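One structure is given below, encoded as structure tokens.
The values are calculated or read from the model by the stated rules, or taken from the named source; none is laboratory data. Here the structure is a predicted model, which means the values were calculated and not measured. Ideal geometry is used to build each Cβ from the backbone, glycine not excepted, and the neighbour counts take in all protein chains shown. Quick note on the areas: whole protein, heavy atoms, side chains included, nothing else; ligands and nucleic acids left out. Shrake-Rupley method; radii C 1.70, N 1.55, O 1.52, S 1.80 Å.
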Amino acid sequence: MLVYAGWILLGTLYGLVIGVIPIAGVTTALITVFGIAPYFLSDPYAGILFLTAITAACASADSYTSILTGIPGASTTAACVIDGYPMTKNGEASRAMGIAIFDSTFNGVLYGTLAFAMMPIYGKIILWFGIPEFAGFMIMALACVGFVASKNFYKSVIAIALGTWLGMIGQEPSTGTFRYTFNWEYLGAGLQMIPLISGLFGIPELIWGFKERHTRVPQLANYWPQVFQGFQDCITNWRDMMRGGAIGFATGLLPGVGGAIGDFLAYGSTVSHHPNEKFGNGNPKGLLGCEGANNAQKVASMLPTVLFGIPAAPFAAIMMALFMYFGVELGTPDLLNDSKFIWTLGVGFVGGTILVGLISLFFMKYIIKILEIPYWIYAVGIIIIMVWANLEYTGGWQDVAILGICCAIGVLLKYFDISRPAVLVTYVVAERLESYIKQTAQLYDVSDLLTRPIFMVTMLVAAYIVIRSITNKNKGINYV
């Protein structure tokens, strides 16, 4: 038990450090874990605690950079900049930190406890799903990630088509023949997830980070009085705080829709509930209305990942890949009967949330000194770790070559605003979706499918989303 507590603490500290780095975020933090993943093969539960603690800590720490420098710690905390950074410029940095610590901790603990304590109940939902239901749910998920989280219908189609193609590289399941490998034996087992994730998210975000202007971190004047004032802001405006958490949780359940979108929806809801107030000039309600949405979204994104094997966010896809490396296959009913697995998920996230809140509260003046380090130093360090993690596959030049190809794809997608989460989620589900569709076509006719309500609902929702995307151009939110 003491060893497990140690892994939670290490995960919290690591997530806190990476979370404070501008642009990096939980995606980068988890990618770098691939380098030490073999250590957890002997005890996967220790690895699960470590990963969930990292996720919880990053969810809280990402906001600090957004508030103090105006540069988002990750895309999921961009909404915090709107009122958080003006508070800092108004001399209320410590008050903003008080709001961030209280809001993040409250919503992280609340939704972490609710989600994982009720996981066995959620698991019973899987018993309602047969092959057609899983196929329908995956199609609906792709509609969400491709067409809700993007303004451009054609770019959504490109993202889904590219993700499907990448996921189908390798052997065709039913015949065993190789497809889309370009006679490169290295791709015979398929495109590995580590280089794809590193190329789509890790390297492009770090490269774009060099383009951001790094401002000097302000001093946290009058720290404790302002922190307690921030706590009081959250207590006084608890409805705004809880509404933001609920919106973050709800959007986090939909693949590709959470993250920045959840935060901005929470912020927009707060603004609409206070029509007579001005926002964008350092209004504490604007910050506390969206701050906790990020933490709640992280919890929610784990649920479809664990229950169905469908990652609801890029970080969840990385966790899924790491779990598979540990020998834990998500999306299987038997897994939910493993009480220790559920316990490690809940304790890791809730424990990491509480720890990062306490550490941030008492050591904030030292934590923000990380922001004074020149960006290129830790960016280069993280890139080196990513390359090392990718070399764990074969250790040869081909690992580096495929990483370079994936990086080029990632940079192009980001430059042309094509949804990278859509590409990643489609890649993850492509092989399973192909199998489910083939089995559904072989085992069921149209009349059978019409009598399956879950399948029909998921298909109708997917069709509605696509039609709305076509008829209401530029009405979505770009999440690239």
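Could you pull out the pairs from LYS155/LYS369; LYS298/LYS369; LYS89/LYS414; LYS340/LYS438 whose alpha carbons sit more than 32 Å apart here?
LYS155/LYS369; LYS340/LYS438
Around CYS58, under 15 Å between beta carbons, what's the net of Lys plus Arg minus Asp minus Glu among the other residues?
Summing Lys/Arg as +1 and Asp/Glu as -1 gives -3.
How much area per residue is accessible in the chain when the probe is 1.4 Å and only protein heavy atoms are counted (Å²)? Don't skip to the answer; put the middle values down first.
Details: 19330 Å² over 480 residues.
Accessible area per residue: 40 Å².
Rounded to the nearest 20 Debye, what is the dipole magnitude of segment 366-480 about its Cα centre when Lys and Arg each give +1 and Asp and Glu each give -1 at the C-beta?
Around 460 debye, computed over segment 366-480.
If packing is taken as the average count of other Cβ atoms within 10 Å, what order do 397-408, 289-300 fall into, highest mean first?
289-300, 397-408
Send over the semi-axes of segment 401-480's equivalent ellipsoid, whole angstrom and largest first, taken as the square roots of 5 times the C-alpha gyration tensor eigenvalues. Working shown, then result.
Working: eigenvalues 199, 85, 11 Å².
That gives 32, 21, 7 Å for the three semi-axes.
Order the peptides 354-364, 27-37 from the highest to the lowest mean number of other Cβ atoms within 10 Å of their residues.
Working: 354-364: 18.5, 27-37: 23.1.
Listed from highest to lowest mean packing, they are 27-37, 354-364.
What does the highest-first list of 111-120, 456-465 look like by mean Cβ count within 10 Å?
Going by the mean number of other Cβ atoms within 10 Å, highest first, we get 111-120, 456-465.
HN-Hα J couplings of segment 34-50 from phi, Karplus 6.51/-1.76/1.60, θ = phi - 60°, integer Hz, Gly and Pro as x?
Per residue, the Karplus-derived 3J(HN,Hα) values read 4, x, 10, 4, x, 4, 8, 4, 7, 8, x, 5, 5, x, 5, 4, 4 Hz.
Over the chain, what is the relative contact order in percent, taking alpha-carbon pairs closer than 8 angstrom and at least six residues apart?
Across the chain, relative contact order equals 30 percent.
Can you run the Rg to Rh ratio on segment 348-467? Use alpha carbon positions and the Kirkwood inverse-distance Rh.
Rounded to two decimals, Rg/Rh equals 1.15.
Hey, could you get me the Stokes-Einstein D for segment 325-372, Kirkwood radius over alpha-carbon pairs, 37 °C and 0.692 mPa s, rounded to whole µm² s⁻¹?
Translational diffusion coefficient: 245 µm²/s.
Based on the alpha carbon coordinates of segment 32-115, what radius of gyration and maximum Cα-Cα distance (Dmax) apply, in Å?
That works out to 15.8, 51 Å for Rg and Dmax.
Got a number for the accessible area of SER339? Probe 1.4 Å, square angstrom, nearest 10.
90
Between the alpha-carbon centers of segment 34-73 and segment 217-238, tell me the distance in whole angstrom.
25
If each DSSP helix of 4+ residues adds -39,500 (n - 2.57) and the sum is divided by the residues in the chain, what number results at 222 nm, nearest 500 deg cm²/dmol?
Values: 21 runs with 330 residues, N = 480.
The helix contribution divided over the chain gives -22500 deg cm²/dmol.
Let's test this: bin the Cα-Cα distances of the chain at 20 Å from zero up to the farthest pair and state each bin's percent.
25, 59, 16, 0
Out of the total accessible area of the chain (probe 1.4 Å, heavy atoms of protein only), what percent is carbon and sulfur?
Ligands and nucleic acids excluded, carbon and sulfur give 67 percent.
For segment 223-367, what's the radius of gyration and Dmax over Cα atoms, in angstrom?
Gyration radius and largest Cα-Cα distance of segment 223-367: 17.6, 54 Å.
What ³J(HN,Hα) values, in whole Hz, does the Karplus curve 6.51 cos²θ - 1.76 cosθ + 1.60 give for segment 301-312 when θ = phi - 60°, with x put for Gly and Pro?
5, 6, 5, x, 5, 6, 6, 10, x, 10, x, 8
Taking K and R as +1 and D and E as -1, what net charge do the other residues with C-beta under 13 Å from the C-beta of VAL109 add up to?
Working: positive: LYS298; negative: ASP103.
Summing Lys and Arg as +1 and Asp and Glu as -1 gives 0.
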